[in-house]
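The structure appears right after this line, and notes come after that.
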Amino acid sequence: MPSAADIAGAEIVVVGAGVGGLSAALSLAGTGACVTVVEAQEHAGGKLRSLDVSGTAIDSGPTVLTMLDVFEGLFERAGLQFSNYVKVRPTRCLARHFWPDGSRLDLFDDLEESAAAVARFAGAREARGYLDFSRRAEDAYLALKDSFMAAPAPSAASLTLSGGIGAMFKIAPFRSLDAVIGYHFKDRRLRQLFGRYATYCGGSPYQAPGPLMTIAHVERAGVYLVEGGMVRFAEGLAQACRDRGVRFLMGSRVEAIEPDPATGFTLHLGDGRVLDAQAVIHNGEPSTLSIIGHSRDTAAAVCPPKERSLSAVTLSLTAVAEGVDLIRHNVFFSSDGRREFSTLFDRRAMPDEPTLYVCAQDRDDDGLPTPGEPERLFILANAPANGDDHVSDDRERQQWQATILMRLAEMGLTLREVTCRVTMPSDFEALFPGSGGALYGAAPNGAMSSFRRPKVRTGVPFLYQAGGAIHPGPGLPMVALSGINAARAARMDLASTFMSAKTAIAGGISTQPATMASMR
């Protein structure tokens with residue numbers, strides 16, 4: 001890795017203050033580069049957002065924080081301590097799962113406790129299957145952590161070389177996640193539970209590859225609650241960037257990026273201002289990355305609609321919850337998972353009986369809301385990413401609100417005194433143009449899908465990208481790794497260029513010195 005002095009004075013612009021952009025900015029802070037983050041919204045976080053529901057702020061984006069070591073390492077390399085900016089605590093019970101037949105299963109951070117719960121739920125054979133599956137998921141995670149997740153541009157060949165045939169067998173890249181799960185479990189409900197991990201990346205367990213089993217290990221290794229809500233995580237990350245000298249231009253939209261022979265790039269903002277930069281990191285939907293003088297296909301890969309990951313219908317609400325005991329993370333499964341995913345991916349339609357995730361934000365291992373008082377809930381149903389083809393109106397939002405609340409009532413959870421805001425795929429398309437409402441970039445469907453995901457380097461020199469649509473994929477830790485990888489690539493490329501310029505000058509070759517970028 002080049003030293004900090006190697007890129008001293010370089011101007012780097014990060015477009016977008018999502019977790020990927022913030023991680024890139026913090027990675028570059030302290031290198032001597034002048035880092036500016038430009039964000040169209042007035043707040044940082046990207047998909048990490050809260051919605052106001054009658055004066056109550058409800059987290060309405062990612063609700064699960066895992067792989068804390070990724071963020072602790074990010075802050076430590078910047079000379080900061082993560083715990084000084086973000087307060088977290090682990091949760092003992094990872095999730096509570098409900099089925100239409102009335103059965104219920106809790107999973108815990110303790111392996112033996114979860115195995116005992118599975119034994120009571122489905123018998124001793126399934127408990128042994130759970131232990132075997134958990135060990136296999138851990139082995140797969142260890143095989144992939146450095147060779148794939150942290151690698152900027154892995155390939156199937158490099159993965160095989162790094163781990164050998166044995167590692168490839170463990171991670172099962174050419175088998176579907178459902179097939180891997182079916183090897184360990186016979187109980188239909190357990191196959192449905194662990195198959196749901198494919199939806200964390202916006203995919204189907206019947207098409208997504210086996211390595212997604214690693215999510216089971218990641219969750220068991222630690223699910224954390226952020227004090228003050230998930231938006232505090234983004235705020236802490238942004239504050240750390242500011243403390244390390246990063247400049248923010250909030251409420252500023254980048255309208256065009258133009259290559260400039262003197263400075264590298266000229267960025268035109270919507271308010272008429274202009275920024276010069278020697279490198280740009282784009283933290284946004286790849287399909288929106290357009291560079292003047294370059295085709296979009298050269299700058300960044302565009303995901304065809306049929307290859308998009310899932311979108312969602314979400315309800316951000318306050319209500320009095322009665323009938324079943326909720327914890328922080330709850331899942332209410334459909335009666336037929338295969339039919340549900342066929343509807344989502346083959347028909348690109350909403351299933352009549354969707355699986356529902358319910359985040360009860362006032363509940364944790366130690367705390368419960370006051371009985372009879374409204375509490376904050378975030379409810380999510382998977383949906384096809386067709387938000388650019390179909391714009392939902394208020395009537396459709398009300399219909400889906402009624403359908404989802406009725407579905408929960410049928411499974412025992414009654415919500416009354418409801419105050420709600422509904423978000424549809426077309427709303428996500430409006431928030432993240434060019435995505436169709438897809439929340440995770442391309443769907444992880446197919447054995448080679450993980451290697452086809454866009455990498456941090458684009459086809460344009462000194463232009464990089466980060467975010468959930470970029471390798472290594474969705475989820476806050478993976479998004480942060482994409483930002484870290486983008487920053488590392490920018491730093492290496494700039495350092496190499498600066499060293500070449502110094503060598504040329506020392507040899508008596510006339511070159512134009514690097515221009516200090518500025519805002520005009």
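The values are calculated or read from the model by the stated rules, or taken from the named source; none is laboratory data. Predicted model only: the values in this text are computed from it and were never measured. Counting neighbours? That spans all protein chains shown, and the Cβs are built from the backbone with ideal geometry, glycine included. Protein only, heavy atoms only, side chains kept; ligands, DNA and RNA dropped before computing areas. Shrake-Rupley method; radii C 1.70, N 1.55, O 1.52, S 1.80 Å.
Observations
- Between amide H atoms placed 1.01 Å from N, distances below 5 Å from VAL324 occur with THR414, all of them 5 or more places distant or on a separate chain.
- Amide H contacts under 5 Å for VAL14, placed H, 5+ residues apart: THR36, VAL37, VAL38, ILE281
- Sequentially through region 124-134, phi angles give Karplus couplings (6.51, -1.76, 1.60; θ = phi - 60°) of 5, 4, 5, 5, 5, x, 5, 5, 5, 4, 5 Hz, Gly and Pro residues having no value and appearing as x.
- Surface composition of region 26-155: carbon and sulfur make up 48 percent of the accessible area, probe 1.4 Å.
- Once the Cα atoms are used to define both axes, helix 476-506 deviates from the longest principal axis of the chain by about 10 degrees.
- Binned Cα-Cα distance frequencies in region 64-141 - 10 Å width, integer %: 15, 34, 27, 17, 6, 0
- Accessible area (Å², 1.4 Å probe, nearest 10) - PHE378: 10
- Carbon/sulfur fraction of accessible area - region 326-369, other protein chains in place, 1.4 Å, %: 41
- Whole-number accessible area per residue in Å² for the chain, which is evaluated in the context of all protein chains at 1.4 Å: 40
- Coupling constants for region 314-327 follow from the phi torsions by the Karplus curve (6.51 cos²θ - 1.76 cosθ + 1.60, θ = phi - 60°), and in residue order they are 10, 10, 9, 8, 10, 6, 8, 9, 9, x, 9, 8, 8, 10 Hz; glycine and proline get x.
- The HN-Hα couplings worked out from phi for region 50-56 by the Karplus form 6.51 cos²θ - 1.76 cosθ + 1.60 (θ = phi - 60°) are 10, 10, 8, 10, 6, x, 10 Hz, whole numbers, x standing for Gly and Pro.
- Summarising the amide proton neighbourhood of ARG376: residues at separation of 5 or more, or on other chains, whose placed amide H is nearer than 5 Å comprise GLN361, ASP362.
- Alpha carbon centroid spacing (whole Å) that separates region 59-76 from region 259-293: 28
- Between region 230-255 and region 405-447, the alpha-carbon center distance in angstrom: 27
- Helix-only mean residue ellipticity at 222 nm for the chain, each DSSP H run of n ≥ 4 adding -39500 (n - 2.57), per residue, nearest 500: -10500 deg cm²/dmol
- Over 22 Å between alpha carbons, listed pairs LYS145/LYS455; LYS186/LYS306; LYS47/LYS455; LYS47/LYS87: LYS186/LYS306
- In region 443-491, the portion of solvent-accessible area held by carbon and sulfur atoms comes to 59 percent [1.4 Å probe, whole percent, DNA, RNA and ligands not counted].
- Spin-label pair MET250-ALA409: with each label point 7 Å from Cα along the Cα-Cβ axis, the two points sit 4.1 nm from one another.
- Taking 20 °C and 1.002 mPa s as conditions, the chain diffuses translationally at an estimated 90 µm²/s according to Stokes-Einstein applied to its Kirkwood radius (Cα pairs).
- In a simple Cβ point-charge model (Lys, Arg +1; Asp, Glu -1; nothing else charged), the chain has a dipole of about 1160 debye relative to its Cα centre.
- Crossing angle, helix 231-243 versus the chain [Cα axis fit, 0-90 degrees, rounded to tens]: 20
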